[in-house]
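Structure first, commentary second.
The values are calculated or read from the model by the stated rules, or taken from the named source; none is laboratory data. Please read these numbers as outputs of a predicted model, since none were measured by experiment. Here the Cβ positions follow ideal geometry from the backbone for every residue, glycine too, while neighbour counts run over all protein chains shown.
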Amino acid sequence: MSIAIGLPALVADLNALRVLGPGHPGRVVVQRGGTALTLDPAGAYQAVGSDMPRFQGAAQRLLVEEARTNALRNPRGAYAGTAGFPTANPPDYWYTYTSPGVTISFVATGSEDGIPYVDADIVATSGAYGCRVVFEGNSQVVCAPGQVWTSSFFMRLLAGSVGNVSFTHRVMERAANGTFIASTDIGANAPTAAPLTTQRARATRAIGDPSAARIVNGVDFNASSAFSARLRFGLPQLELGGVATSPMLPAAGSFGPASRAADLAVWAPPGGFGGSGTAVIRAMLPAAAPFSASQGLLQIDDGGDANRLLIRNTSGSATVHGVADSGGSTLAALSGGNMTAGTPFRAALAWAPGELAFCMNGGAVQSAAISTPAGLSRLLVGHGSSALTRAANGEVELIDFRPARLPNAMLQALSAAA
């Protein structure tokens, strides 16, 4: 639903128009082709239908993500036929490797809080041990030099002990025939008995070798003494992009890559935004922007990227900038400081004829002399590009708008509010 409200009649007293937030009256129109997953207030994954907003978790912030594909064929950990538990055979398209003295046996499949899983007993009896679970074939997923890929999976301890086990999340470059070239190896937290949805491992790799043509992900277990444990593996994902996004699953009973369309959240007030205004945003980003792309939080534009005002987490950093572009050239990029991944923050962007101002979390107001970009007519929530390729891949809690450039002291107060 969209509500038509003329800006001049909104708030002569400078009270805010809440564009997005708890109890907002549907000013933001959300479009997305197809369903997508989100965490409900109880912490379980639920499917959300086409063109419906995804309000995530207990905070119920709006989740905004770019289009992605999970390249793995079997993130459900499923078996095409009857598994016949217990079995040494891993789920279809998964692979296991063990050193002498180690056995791995798959014992059950199911679903926990919306995450399909497979349970496995891993037992090591003597000596030094190693075991690897890989979520796809070595020559299946095509990659290219210069690309950035992100791997993720969920893992939970159901029984036994892993106190003497080290876990390594591996993202491996391989040649077209599957031959190993190089890998990113990141120590993963040892799984605990906590809910599966709270235990997601993430690792990112930039493809660097010119001969790399395939990519595969998995997890290693290494120990110097005997151990026995039952582990739950859930929803592995391998996606082209610099941060992990919400899980993507093929239809139950199907095997193959699964895709999710981009979230497009827009507010286009009648008459546009005029020559002066102040926008305040509260958001949370799960990770700092990768080197491959900035993470947009809010963009006010003319329908494209040439003329716009923008709040973004700039690529390769945790820094949040307020930006003005006109005619395709950047007029100003004002730093508000660094955000902390996983922690909500506020920022205020204000403009008036001849000026742009920006601050974050109540910090010093930065300003620059500019000519305000022309034709500002719409606000994109959680994006920094009209192509939807610079998404927040995070959560936006609220956006307030005032059709006036507020004084610096008010910008600081509004960006410092809880």
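Summary of computed values
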item: Subset of the stretch 224-245 [over 20 Å from Pro90 (Cβ atoms) and surrounded by 21 or more Cβ atoms within 10 Å (Cβ to Cβ)]; result: Glu239, Gly241, Gly242, Val243, Ala244, Thr245
item: Among the residues listed as Ser139, Ser99, the single one being in contact with a strand residue (DSSP E or B) (Cβ under 8 Å, 6 or more places away or on another chain), within 17 Å of Arg174 (Cα to Cα), assigned by TED's automatic domain parsing to the domain that holds Gly241 and surrounded by fewer than 17 Cβ atoms within 10 Å (Cβ to Cβ); result: Ser139
item: Selection from the stretch 42-79 of residues that are part of a strand (DSSP E or B) and among the charged types (D, E, K, R); result: Arg61, Arg68
item: Verdict on Leu240 being more than 11 Å from Trp149 (Cβ to Cβ) and out of contact with any Asp or Glu (no Cβ under 6 Å at 6 or more places or on another chain); result: no
item: Answer residue from the stretch 25-49, given it is of a type in the set (A, V, I, L, M, F, W, C) and touching a Lys or Arg at 6+ places or on another chain (Cβ under 7 Å) and is surrounded by the fewest Cβ atoms within 10 Å (Cβ to Cβ) among those; result: Val48
item: Matching strands (runs of 3 or more DSSP E) fully within the stretch 190-254 where at least 1 residues are under 18 Å from Ala120 (Cβ atoms) and at pLDDT below 95; result: 214-223, 227-240
item: Residue that is surrounded by the most Cβ atoms within 10 Å (Cβ to Cβ), among those in the stretch 73-85 that are modelled with pLDDT of 95 or more and not charged (D, E, K, R); result: Pro75
item: Enumerated strands (runs of 3 or more DSSP E) restricted to the stretch 333-395, each holding at least 1 residues that are surrounded by fewer than 20 Cβ atoms within 10 Å (Cβ to Cβ) and more than 28 Å from the chain's Cα centre (by Cα); result: 345-352, 355-360, 366-368
item: Those residues of the stretch 34-74 which are closer than 27 Å to Pro90 by Cα, under 13 Å from the mean Cα position of the chain (by Cα) and of a type in the set (D, E, K, R), in sequence order; result: Arg68
